[in-house]
Structures are given as structure tokens and as C-alpha cells.
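K.L.:
Structure provided below as C-alpha cells; questions to follow.
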Amino acid sequence: MAEVQKTSAFRTPGEGASAAISVATIAVLFLLWWAITAAGLIKPLFLPSPQAVAQQFMEYINGTANDKPLWQHLAASLLRVAAAFVLAVLTAVPNGIAIGMSRVARGIFDPPIEFYRPLPPLAYLPLIIIWFGIDELPKVLLIFLACFAPLALAARSGMKSAAQEQINAAYSMGASYTQVVQHVVLPAALPEILVGINRQVWVNLLLNGLCCIWWIFWCAVSYEERIFHLVSLQCCSVVECVATGIRNIEGAAVSKWLLHRTCSI
């Protein structure tokens, strides 16, 4: 990779690579953790050693400490999230667009969305269980409802992004109402819609999708085993690192596409 040439002799605050410093910091923290546990300064009940945590983590990975390997539980959770999220996007985004463009749709769909939007999902979870049981449907439905309102509101808000001058300019050049919506309003709303989709997919991935990891954390609370706490945190950290990498790649691709679309318009 070619180095970026500076156009000024002044130093920019925060410039320079920090990867080596980050690696050294993590290594020092792990070394300090190992030294404290090896010296017996803290009992294993309160702070297990890195070796014990790594061993327990591997037992969850290969299924020794559970009925199935961790990846199978994680795959089942992610499948629920994917099914509910795709269904929410396919229904909530058109709903939000309709609310932003039609007073009839706004009058019909706005009241129920605004009624349940402030409610936390755990508030209506008992009703969902009573009505739909404890199979896969209530789990998917809970995540769907948690995604639907924010996505619809993001789409509704995005429909107001187009400036009135742009709309008037399109009308003055002979564009019809449908053409204004298709070529002016929707492209202006697209960035906010994509931001809403991006935010919801990662929020639901971490809060609703990683049920298997939260189950490990619950075991730690139930059995008062600190090693389970650390294992669950380690699992969350690994998943979050992978998710962050995917999110960065996805964000760069979407930004490049939006830039290309804007330049072509």
C-alpha cells in the first residue's frame, strides 16, 4: 500500500498507526490476569485463570460442556434473527414509505405503530407466549415486532429528506408525481433507510440473536460460577469482532454504491 503523502508540515492530532500499541496493551492485560491468578491473589471462585477460561470455552465449542456444540446453538439463533429481520424489512420499509407519502396510510398505520413502539419487547412477550406457544413462531415474532416499528419510522423519516427545491425542480421539468417519488424522494430517503436497517440488524443480533450466549451467562448467575461469566463475555467478544468486520465491509460497500449513485444522478 502506497503511503499517503502529507501536504502540510504540521502534525495532525491522532495521526499514526496504533495497531502495535493495541496488541501490546492486550498482551499486558492478559499477562497481568495470568500473574494475579497464578500468584493466588484472587481466589478462582472470583477470578478464574486464563487457562481455565480457555478450556471451558473449548468445551462449549466442541459440545463437551453442553448437549450440542456452541456453533449449532449460535446458528439456530442467527437463523431466527435472519428470518424475522428479512420479514420486517419486506413489510416495514414499504409501510414507512406509504406513511410518508400518503395521508390515508398515515392515518391507518401510524396509530398502531405509535401505540406499541414505546413498549419494550419483554412487555408483550408473555402475551406472545400465551397466544402462540413456546415453539419457533413466538421467538421469530418477538424479533419481528422489535424490528418493525424502528424500520417503519426510519423509512417514514427518510421520505422527508428530499428538499422541496428538488421536488419543485423535478415538477418544473415535467416530471409526474410517480417520477418525482421514484427519482427524487426515494433516492433521498435511501441513506436514512439503510442506516435504520443497519442499526436494527446489529442491535437485534447482539440483544436477541445471541440467546445461546445469554444462556451461558444465565448459568453463571444460577450456579454462581464466575468462569461462565468470562466464557459468555469471551463468546460475545468473538462474535462482536466478526460482526464488526462484516459491518465495516458492508458499510464501505454501501457508501461506495451510494456515492456512485449520487454521481450518476
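The values are calculated or read from the model by the stated rules, or taken from the named source; none is laboratory data. None of these values were measured; they are calculated from a predicted model. Cβ sites come from the backbone with ideal geometry, for glycine too, and all protein chains shown count toward neighbours.
K.L.:
Ala189: part of a helix (DSSP H, G or I), at pLDDT 80 or above and over 29 Å from Phe85 (Cα atoms), yes or no?
P.N.:
Against the criterion (part of a helix (DSSP H, G or I), at pLDDT 80 or above and over 29 Å from Phe85 (Cα atoms)), Ala189 does not qualify.
K.L.:
Any residue in region 114-141 that is assigned to a helix (DSSP H, G or I) sitting within a Cβ distance under 8 Å of a residue that is among the polar types (S, T, N, Q) and surrounded by 12 or more Cβ atoms within 10 Å (Cβ to Cβ)? List the pairs, counting only those 6 or more apart or interchain.
P.N.:
The qualifying pairs are Pro121/Asn208.
K.L.:
Let me ask you something else. Can you find, within region 168-193, the residue that is farthest from Thr91 (Cα to Cα) among those that are of a type in the set (A, V, I, L, M, F, W, C) and touching a helix residue (DSSP H, G or I) at 6+ places or on another chain (Cβ under 6 Å)?
P.N.:
Ala170
K.L.:
Please verify whether Ile143 is farther than 22 Å from Ile193 by Cα, surrounded by 11 or more Cβ atoms within 10 Å (Cβ to Cβ) and either at pLDDT below 85 or not polar (S, T, N, Q) (or both), treating the condition exactly as stated.
P.N.:
no
Conditions tested, residue by residue: (1) under 18 Å from the mean Cα position of the chain (by Cα); (2) hydroxyl-bearing (Ser, Thr, Tyr); (3) under 28 Å from Asn248 (Cα atoms); (4) surrounded by fewer than 17 Cβ atoms within 10 Å (Cβ to Cβ).
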| residue | (1), (2), (3), (4) |
| --- | --- |
| Val93 | yes, no, yes, no |
| Gly96 | no, no, yes, no |
| Ile108 | no, no, no, yes |
| Ile113 | no, no, no, no |
| Ile128 | no, no, no, no |
| Ala152 | yes, no, yes, no |
| Ala163 | no, no, no, yes |
| Tyr177 | no, yes, no, yes |
| Ile193 | yes, no, yes, no |
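K.L.:
Out of everything in region 93-119 that is out of contact with any helix residue (DSSP H, G or I) (no Cβ under 7 Å at 6 or more places or on another chain) and under 15 Å from Met159 (Cα atoms), what residue ends up being modelled with the lowest pLDDT?
P.N.:
Filtering first and then ranking leaves Ser102.
K.L.:
Give me the pairs: first residue in region 54-83 and within 22 Å of Pro44 (Cα to Cα), second residue among the small types (Gly, Ala, Ser) and modelled with pLDDT of 80 or more, beta-carbon distance under 7 Å, and six or more apart or on different chains, which are they?
P.N.:
Pairs that qualify, where the first residue is within 22 Å of Pro44 (Cα to Cα) and the partner is among the small types (Gly, Ala, Ser) and modelled with pLDDT of 80 or more: there are none.
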